[in-house]
Amino acid sequence: RNSFGYRFAYLDLAMTDTSNTKYRISTKPGPHHMDGFAVLLPRNGAELKHANMLVCPENDRLGSRLVNISLRKSVLMLVASGLASSPTEVMTFFHNSLYWYQTLQRNAKKLETLDVETEAAAAWLVERGMLTRIDESLCITQLGAATAAAGLLPSTGVQFADLLRRFRDELAGDFASWVGGLIYAACASDEFRAERPSRFLQYPGSQVYESVTFWTTKKLLGRLDRVDVRLAQCAHAVALYAEGMSERHIAHATKLSSGQIHRVAVDVAWVLDGLHRLSTVSELMIPQTTSNQLAMLARRVRWGAPVEALDVLRVAERHGVPGLGRQRVMGLLAQGISTVHDVLGTAKERLIQLLRNERRALALLDAAANAAGIGVVRWSSAHLKRGADLGIEPLVAACNEKLGKEYEEAVLDLLQRELRWTVTLLDDGSRQNVPDLLIEMGGMHVLLECKTCTKSPPLIKKEEAWAVMQKAADFDPVMRRVTLGKPAFDETSKAKAAASRDITLVEHAAFLEGVLRVHSGTLPPSEFLAWLVAPGVAEVERLSGKPTYSN
């Protein structure tokens, strides 16, 4: 990046009130403003101090951030990426970095202790279970790999791993009652409150002590900091935002402006995504249903809406429906229109009346009917390549391309390439109302129902997702019920599965990824079936074996 791009990466943190701040940022030279410009209007002393720092001449220079935020994170990322496997190799990397040359010119004495600090950082990571040391070599652990993949500070990873261990049973038993506590924990994490945080909480217009009172009524995963009112207000705003409350009401309750609410929600959603990633680490023994709930919470915070409204919101944004934000979607939800399928099933005249604009209503109908992008087949190129390596590319291509009965046959053909399990076609035309396939291995029996979407929107509804339960009613209850959906399930189906102990929903791309790892010999068939029958929405992060997209 040049100094222009570098400078505006930090301006984004300073513009805390986008509703009252006039700004323009251009990442490409324009005909009249070759460098672009930004105008900051600080609202308080803290913002003014930060703005003055940003416009100092020295900020025009490109500066390395390699170790400035967290040396521990740098060491962890280097080991996780395979670029270093010992403190010595970490130092070799540093010696060839921009950080080393800049520091050598500005303050060479600072480099004299870097090797000692690097060794101390590695020791800290080993002690916290993120790295293991074998002689002089450093190896990444599951916890360390998850923390690095999530981009979290190592100290945040340690905090979250401890929370997940201590509250495993509570979260599994009644996740809904802990939603507020999880949001508060995310805001109170080192990502926001470390000595060198990776993100910043917003500065409200004034202090509202009622936000502290709000948190005294919630179940928290740690101690409530009654002194940090700013933390309480930001977390309060995010909690209300995730429920779908209007930004006007949130601003009144917390004194955060609309722009500030959006900014902190995006950051908190990112942290919650990291918490979800950690929850998939097998050594923490978090149920998949809990991980599903954490992933949904992150999506709710990012979009500012309950689960039922997420699909419509995402479709509207991706297709540029004019003037259809979260509040209008919440209005549709109040009228019983919650899914993309509901939108298509609503009379055009009624939709125009509810949205108060014909152009907006027609654009939403068009977006719902052509909802491309919400159910895309991920990794298709990687799967085809791995299929070609294994000599089964036509079978993989058929699974990607076929629909309906032909999809069932393609899945059957692909599964039967593995001889260590037995696959039986149940729905062969001679029996009515039965699941499509039965997979057996040892004492494990899996009833698999295949569902594809042959019309828009490309999302499988909960009625179709749950059809396997009715079709399997006459089978032994110990047999696991699984629905394979192509390309994806709607959010309502996922929410229901995340609260269920009786069914697994697995999306096509995730299923194909697991089967190809079995065919590649990196994932034992028994482990794949154990993953396949875990209740909830099957998560690729929980699969062992070598990913198809890695060489």
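The values are calculated or read from the model by the stated rules, or taken from the named source; none is laboratory data. Owing to the predicted nature of the structure, the values given are computational and were not obtained by experimental measurement. Methodologically, a virtual Cβ is constructed for each residue, glycine included, from the backbone with ideal geometry; neighbour enumeration extends over all protein chains shown. The protein model used for the area step is the full one, side chains on, heavy atoms only, and it has no ligands, DNA or RNA in it. Shrake-Rupley method; radii C 1.70, N 1.55, O 1.52, S 1.80 Å.
Checked against the criterion of being of a type in the set (A, V, I, L, M, F, W, C), under 19 Å from ASN44 (Cβ atoms), within 24 Å of the chain's Cα centre (by Cα) and crowded, with 17+ Cβ neighbours inside 10 Å, the candidates ALA242, ALA237 yield just one match: ALA237. Restricting the search to helices (runs of 4 or more DSSP H) fully inside the stretch 95-211 and requiring at least 1 residues that are within 30 Å of ILE261 (Cα to Cα) gives 142-150, 154-166, 168-173, 179-187, 190-193.
Scanning the stretch 151-188 for residues that are within 21 Å of LEU125 (Cβ to Cβ) and open to solvent by less than 20 Å² (accessible area, probe 1.4 Å) turns up GLY151, LEU152, LEU153, PRO154, THR156, GLY157, PHE160, ALA161, LEU164.
So that you can scan it fast, the table gives a plain yes or no per residue for (1) of a type outside the set (Ser, Thr, Tyr); (2) under 26 Å from ASP342 (Cβ atoms); (3) in a strand (DSSP E or B); (4) open to solvent by 10 Å² or more (accessible area, probe 1.4 Å):
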residue: VAL478; (1), (2), (3), (4): yes, no, no, yes
residue: LEU484; (1), (2), (3), (4): yes, yes, yes, no
residue: SER493; (1), (2), (3), (4): no, yes, no, no
residue: LYS496; (1), (2), (3), (4): yes, yes, no, yes
residue: SER500; (1), (2), (3), (4): no, yes, no, yes
residue: LEU505; (1), (2), (3), (4): yes, yes, yes, no
residue: PHE511; (1), (2), (3), (4): yes, no, no, no
residue: GLY514; (1), (2), (3), (4): yes, no, no, no
residue: HIS519; (1), (2), (3), (4): yes, no, no, yes
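Residue pairs whose Cβ atoms lie under 7 Å apart, separated by 6 or more positions or on different chains, with the first residue in the stretch 228-249 and under 23 Å from PHE192 (Cα atoms) and the second of a type in the set (Ser, Thr, Tyr) and at pLDDT 95 or above, are VAL229/SER211; ALA232/SER211; GLN233/SER211; GLN233/THR254; ALA235/TYR184; HIS236/SER211; HIS236/THR254; ALA237/THR254.
Yes or no, residue by residue, for (1) open to solvent by less than 50 Å² (accessible area, probe 1.4 Å); (2) under 18 Å from ASN370 (Cα atoms); (3) assigned to a loop (DSSP other than H, G, I, E, B):
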{"residue": "GLU308", "(1), (2), (3)": "no, no, no"}
{"residue": "LEU313", "(1), (2), (3)": "yes, yes, no"}
{"residue": "GLU317", "(1), (2), (3)": "no, yes, no"}
{"residue": "VAL343", "(1), (2), (3)": "yes, yes, no"}
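For residues in the stretch 85-101 being touching a residue at least 24 places away in the same chain (Cβ under 8 Å) and closer than 17 Å to SER64 by Cβ, which is most open to solvent (accessible area, probe 1.4 Å)? The residue in question is LEU98.
Looking across the stretch 236-247, the residues that are within 20 Å of GLN207 (Cβ to Cβ) and not hydrophobic (A, V, I, L, M, F, W, C) come down to HIS236, TYR241, GLU247. Annotation note: of GLU406, GLU440, GLU393, the sole residue that is touching a Gly at 6+ places or on another chain (Cβ under 8 Å) and farther than 16 Å from GLU507 by Cα is GLU393.
Scanning the stretch 409-416 turns up no residue that is among the charged types (D, E, K, R), open to solvent by 20 Å² or more (accessible area, probe 1.4 Å) and farther than 25 Å from TRP379 by Cα.
Could you tell me whether the stretch 60-77 includes any residue that is in a helix (DSSP H, G or I), of a type in the set (S, T, N, Q) and open to solvent by 30 Å² or more (accessible area, probe 1.4 Å)? Within the stretch 60-77, none of the residues are in a helix (DSSP H, G or I), of a type in the set (S, T, N, Q) and open to solvent by 30 Å² or more (accessible area, probe 1.4 Å). Taking each residue of the stretch 271-282 that is more than 13 Å from GLN159 (Cα to Cα) and looking for partners that are hydroxyl-bearing (Ser, Thr, Tyr) and open to solvent by 10 Å² or more (accessible area, probe 1.4 Å) with beta-carbon atoms closer than 9 Å, six or more apart or interchain, yields VAL281/THR141; SER282/SER544. Scan the stretch 189-204 and give yes if some residue there is acidic (Asp, Glu), at pLDDT below 95 and either more than 17 Å from LEU125 (Cα to Cα) or surrounded by fewer than 19 Cβ atoms within 10 Å (Cβ to Cβ) (or both), otherwise no. Yes, there is a match, as at least one residue in the stretch 189-204 is acidic (Asp, Glu), at pLDDT below 95 and either more than 17 Å from LEU125 (Cα to Cα) or surrounded by fewer than 19 Cβ atoms within 10 Å (Cβ to Cβ) (or both).
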